[in-house]
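The structure appears below as structure tokens.
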Amino acid sequence: MRLSVIGCGYLGAVHAAAMASIGHDVVGIDVDPRKIESLSRGEAPFYEPELQELLAAGIESGRLRFTTDVAAASGSSVHFIGVGTPQQKDGYAADLTYVNAAVDALLPYLRPGDIVAGKSTVPVGTAAELAPRIEATGATLVWNPEFLREGWAVQDTIDPDRLVVGVPGGDAGTEAADLLREVYHPAVAKGTPFIVTDWATAELVKVAANAFLATKISFINAMAEIAEVTGADVTQLADAIGHDVRIGRRFLGAGIGFGGGCLPKDIRAFSARAEELGRGESVAFLREVDAINLRRRERAVDLVIDALGGSVFKKNVTVLGAAFKPYSDDIRDSPALDVAVRLHGLGAWVTITDPAAIENAQRLHPQLNYVADRDEALRAADAIVLVTEWDEYRRELTPEHASTLTTGRVVVDGRNGWDAAAWRAAGWSYYGMGRP
Ligand code: UDX
């Protein structure tokens, strides 16, 4: 099938490359010429495992191209909208400027029978608002939310755990639903659940999923707060409750909390939308989820202060990680970077390292000292703070090796990623999050 993908960020670029890899003829469209140049050369403009190879293969095959010219969408049967919906500058609601602009730009090129498939995460009700403009061209609007995780985006796109398509009226037998089945043919053939809903349900599925995940993380972080005043160990608690299959161990990692381009802004946009709908109280708990999450960054900073005897002023603190999570160079709302910046603000000499995110972090916070090499960054540190659990920190850095580099023997484990006993046995003072 001929497909167009409008918006080539983390979502759109991966979607375009993945669709080409399963045999479609795809054009990716974005207003940013730098992004398009890079993608056209087969180079991923951001760090995402497997994307580079997929792009190169797609371009080589002739089935994948990128352009800034939206006229290139003409002739495609399905047009995916994958532009960003960031938090508004003056509030919690989602900023729909880019979604509206993408739809308006696309309108002149739509033909009767075309499908416009919204993938961006939007407030419930957006599809109903966009539909009249699209339907006036004879095209059909569907909402097809994306559940990809950064770092696993290629795999999540090609082999998702479910496909959700919101169609007008929610009728599973419509032509639009069939076309989407054809788009995702390998996953559908494999038996991946393909759930056809109405627009509102599809829009809500996405925000509900992210709200649930954020709540799960903040739940365990709330338990960490209780553990901190009782001497309990939240990691053991998570293991123990996680054995209950109704609860499950995943997303019960207590630490400095969630960040990134999705969870924080999605729960805020959800609250804002619920309030607009007169149902603010239904998701009032999301304010608490947000508040708990933000408190954990402060807690990590307090731990470093305590660990260094009451002040970080003029202390060398090495922060391991800048990205909001491993296998990503994304620093949007990164708790890791936030902790580093706060320590710097308190007068610490902060050295920060990350395998992928240094360039992005440096652009946003040039005041910090960035060192690419992990061991170089650890040299002469008074304290080490683990904030992004990349393998080269969490798995590969041993206390014995760290001892050959640092001046101090203090670690603050903001991700509860290390074996506390092993660090203590090697002579270190170990501080975890919600652990004695
Ligand atoms: C998330 C959703 O998982 C994905 O389905 C959706 O499409 C987009 O938002 P992503 O933002 O890539 O994906 O990251 P995710 O892996 O969900 O992690 C989010 C944050 O939560 C990270 O900062 C991570 O470090 C943190 N986290 C995750 C925890 O603090 N504890 C955990 O147990 C798990």
(request) Could you check Pro49 against (1) farther than 30 Å from Pro112 by Cβ; (2) of a type outside the set (Phe, Trp, Tyr); (3) not in a loop (DSSP other than H, G, I, E, B) and say which number it fails? (result) (3)
(message) With the requirement that a residue be within 30 Å of Arg111 (Cα to Cα) and among the charged types (D, E, K, R), what does region 1-59 give you?
(response) Arg2, Asp25, Asp30, Asp32, Arg34, Lys35, Glu37
(request) Look through Gly231, Gly253, Gly257 and report the one residue that is surrounded by fewer than 21 Cβ atoms within 10 Å (Cβ to Cβ), within 11 Å of the ligand (Cβ to nearest atom) and outside the structural domain of Ala94 (by TED's automatic domain parsing). (result) Gly253
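Which count do you get for residues in region 126-159 that are within 16 Å of the ligand (Cβ to nearest atom) and under 20 Å from Trp199 (Cα atoms)? Even if it seems obvious, please write down each step before you answer.
Filtering region 126-159 for residues within 16 Å of the ligand (Cβ to nearest atom) gives 143-159.
With the extra rule that they be under 20 Å from Trp199 (Cα atoms), the set shrinks to 143-148.
So the count comes out to 6.
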(request) Would you mind finding the one in Glu60, Glu135, Glu50, Glu150 that is out of contact with any helix residue (DSSP H, G or I) (no Cβ under 9 Å at 6 or more places or on another chain) and either assigned by TED's automatic domain parsing to the domain that holds Val26 or in contact (Cβ under 8 Å) with a residue 60 or more places away in the chain (or both)? (result) Glu60
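Evaluate region 273-283: report whether one residue or more is under 24 Å from the mean Cα position of the chain (by Cα), assigned to a helix (DSSP H, G or I) and farther than 29 Å from Ala94 by Cβ. Don't jump to the end; show me each part of the working.
First pass over region 273-283, keeping only residues under 24 Å from the mean Cα position of the chain (by Cα): 273-274, 283.
Narrowing further to those that are assigned to a helix (DSSP H, G or I): 273-274, 283.
When the remaining residues are screened for being farther than 29 Å from Ala94 by Cβ, the result is none.
No, region 273-283 has no match at all.
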(request) Return the residue satisfying two criteria in turn: it lies in region 211-228 and is within 13 Å of Asn416 (Cβ to Cβ) and either within 14 Å of the ligand (Cβ to nearest atom) or among the hydroxyl-bearing types (Ser, Thr, Tyr) (or both), and of such residues it is surrounded by the most Cβ atoms within 10 Å (Cβ to Cβ). (result) Ala224
(request) Starting from residues that are closer than 24 Å to Phe251 by Cα and touching a helix residue (DSSP H, G or I) at 6+ places or on another chain (Cβ under 8 Å), keep the ones in region 153-185 and report whichever is surrounded by the fewest Cβ atoms within 10 Å (Cβ to Cβ). (result) Asp159
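Just a yes or no: is a residue in region 58-72 surrounded by fewer than 17 Cβ atoms within 10 Å (Cβ to Cβ) and in contact with a Ser or Thr (Cβ under 9 Å, 6 or more places away or on another chain)?
yes
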(message) Here is a check on your reading of the model: is Leu368 surrounded by fewer than 16 Cβ atoms within 10 Å (Cβ to Cβ), within 24 Å of the chain's Cα centre (by Cα) and at pLDDT 95 or above?
(response) no
(request) Answer yes or no as to whether Gly82 is within 30 Å of Glu276 (Cβ to Cβ) and buried (at least 18 other Cβ atoms within 10 Å of the Cβ). (result) yes
(request) Go through (1) free of Cβ contacts under 8 Å to residues at least 40 places away in the same chain; (2) touching a helix residue (DSSP H, G or I) at 6+ places or on another chain (Cβ under 7 Å); (3) within 16 Å of the ligand (Cβ to nearest atom); (4) of a type outside the set (Lys, Arg) one by one and return the number of the condition Val188 breaks. (result) (3)
(request) List every residue pair whose Cβ atoms sit under 8 Å apart, with the two residues 6 or more apart in sequence or on different chains, where the first one lies in region 269-297 and is surrounded by 14 or more Cβ atoms within 10 Å (Cβ to Cβ) and the second, anywhere, is acidic (Asp, Glu). (result) Ile292/Glu225; Arg295/Glu225; Arg297/Asp338
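The values are calculated or read from the model by the stated rules, or taken from the named source; none is laboratory data. Everything numeric here is computed off the predicted structure, so don't read it as measured data. Neighbour counts are summed over all protein chains in view; Cβ atoms, including those assigned to glycine, are modelled from backbone coordinates with ideal geometry.
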